[in-house]
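Comments concern the structure below.
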Amino acid sequence: MNRLANETSPYLLQHADNPVDWHPWGDAAFAEARERDVSVLLSVGYASCHWCHVMAHESFENADIARLLNEHFVPIKLDREERPDVDKVYMAYVQAMTGHGGWPLSVWLTPDLKPFYGGTYFPPSDRSGRAGFPTILQAIARGWRDEREKLVAESERVLGALRDHQASSAAPVEGDLATAAGTAFEQGFSHYFESFDPTHAGFGGAPKFPRAANLDFLFRVAALQGVGSEMGAEAVRLATTTLRAMARGGIHDHVGGGFHRYAVDEAWFVPHFEKMLYDQAQIAANALEACQATGDERFAWLARDIFDYVARDLTS
């Protein structure tokens, strides 16, 4: 058992018997990195995360990969549900660097906790032109030993870009609030209108997530503009067409009720078999708003389907 055996987080306890010498997030781990003069691998996830379990079985239970980690890094395991504040900081970095994010979140840090490289899931070996986790670990260890100043410079570059972005997106002065809000409102609607999939509904390509907040926004547009207005009617069409496609597709559990987390294809057909409580809550709210906006009782049926599933299977 490693240090995580003394933790209370279900996610950390899942890794307590790994051969990786995991540390919990804290001063002791940071001090060891400074003393050994090595970088930190921060691995962030949560107990019900599918790909976190995959990477754990493939890499963190592998003795050879564990030796690489233990020799060249101070490995830290973090539960995003315990420390969302820490997760948010390093997720922002990885999204800025790679253009996407998710869990497991893998970030390499200097001993003073500045990120210089990151990603999400890494496979246990090189495949399809993509570097595997051992290859990444060896490359970063060499870089830290031989070209550390370049890694630190990259860290400072990305952090500077994040600071600039934060400064440029600061709240407008009070007199400009109405103008800024109106512009954001129109740009938000235009974004969803232009990214709508006219063939399969939803926004963008595969994989397709429910993105309940997108539909929330569209129903808000309809409520503010009026469902009979041109913009309001179009907002309702985008949202309800997406809900109907989701209800027909494999992302919807037609036997057990409720919705899976996302579809791996663009047609909502093949689900990723994982159900999240927050998805049920948000999609049910979408369905109720769709019923209110259209009077179509099928959306009320969809909400009841979700509530029946939650009451039966997710409630104690």
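The values are calculated or read from the model by the stated rules, or taken from the named source; none is laboratory data. Not measured: the values here are computed from a predicted model. Note that we place each Cβ from the backbone using ideal geometry, even for glycine, and neighbour counts take in every protein chain shown. The accessibility values were calculated without ligands, DNA or RNA, using every heavy atom of the protein model including side chains. Shrake-Rupley method; radii C 1.70, N 1.55, O 1.52, S 1.80 Å.
What Kirkwood radius, in Å to one decimal, follows from the Cα pairs of the chain? Don't jump to the answer; show the numbers that get you there.
On the way: mean 1/r = 0.0451 Å⁻¹.
Averaging 1/r across every pair of different Cα atoms and inverting gives 22.2 Å.
Set the bar at 30 Å for Cα to Cα. Now go through 88/275; 88/208; 150/208 and name every pair that lies beyond it. Intermediate values should be presented prior to the final figure.
On the way: 88/275 23 Å; 88/208 23 Å; 150/208 37 Å.
Over 30 Å apart, Cα to Cα: 150/208.
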Original post:
Can you list the cysteines of the chain that have no other Cys Cβ under 4.7 Å away?
Top reply: 291
Subject >> Mean Cα-pair separation over length for the chain, i.e. relative contact order, pairs under 8 Å, 6 or more apart, % >> reply: 11 percent
Original post:
Using alpha-carbon pairs under 8 Å, 6+ residues apart, how would you state the relative contact order of the stretch 48-141 in percent?
Top reply: 28 percent
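Please compute the contact order of the stretch 180-251 in relative form: average sequence separation of alpha-carbon pairs under 8 Å and at least six residues apart, divided by the residue count, as a percent.
Details: 51 pairs, mean separation 19.7, N = 72.
Relative contact order here is 27 percent.
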Original post:
By how many nm would the segment from residue 224 to residue 36 grow when fully extended, if each residue of separation counts as 0.36 nm and the alpha-carbon distance is taken off?
Top reply: 61.8 nm
**OP:** Quick one: plug the Kirkwood hydrodynamic radius of the stretch 23-70 (C-alpha pairs) into Stokes-Einstein at 4 °C, 1.567 mPa s, and report D in µm²/s.
**Re:** 106 µm²/s
Original post:
Which percent of the accessible heavy-atom area of the chain goes to carbon and sulfur, probe 1.4 angstrom?
Top reply: 54 percent
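Stretched out fully, how many nm does the piece from residue 237 to residue 191 gain, at 0.36 nm a residue minus the Cα gap?
On the way: separation 46, 0.36 × 46 = 16.56 nm, distance 1.49 nm.
Result for the pair: 15.1 nm of gain on full extension.
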**OP:** Between residue 63 and residue 88, take the C-beta separation as r, use R0 = 35 Å, and let me know the FRET efficiency to the nearest 0.05.
**Re:** 0.60
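Provide the gained length on full extension for the span residue 209 to residue 301, in nm with one decimal, where the gain is 0.36 nm per separating residue minus the Cα-Cα distance.
Details: separation 92, 0.36 × 92 = 33.12 nm, distance 2.12 nm.
My answer for the length gained is 31.0 nm.
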Original post:
What percent antiparallel are the DSSP beta bridges of the chain, to the nearest 5?
Top reply: 60 percent
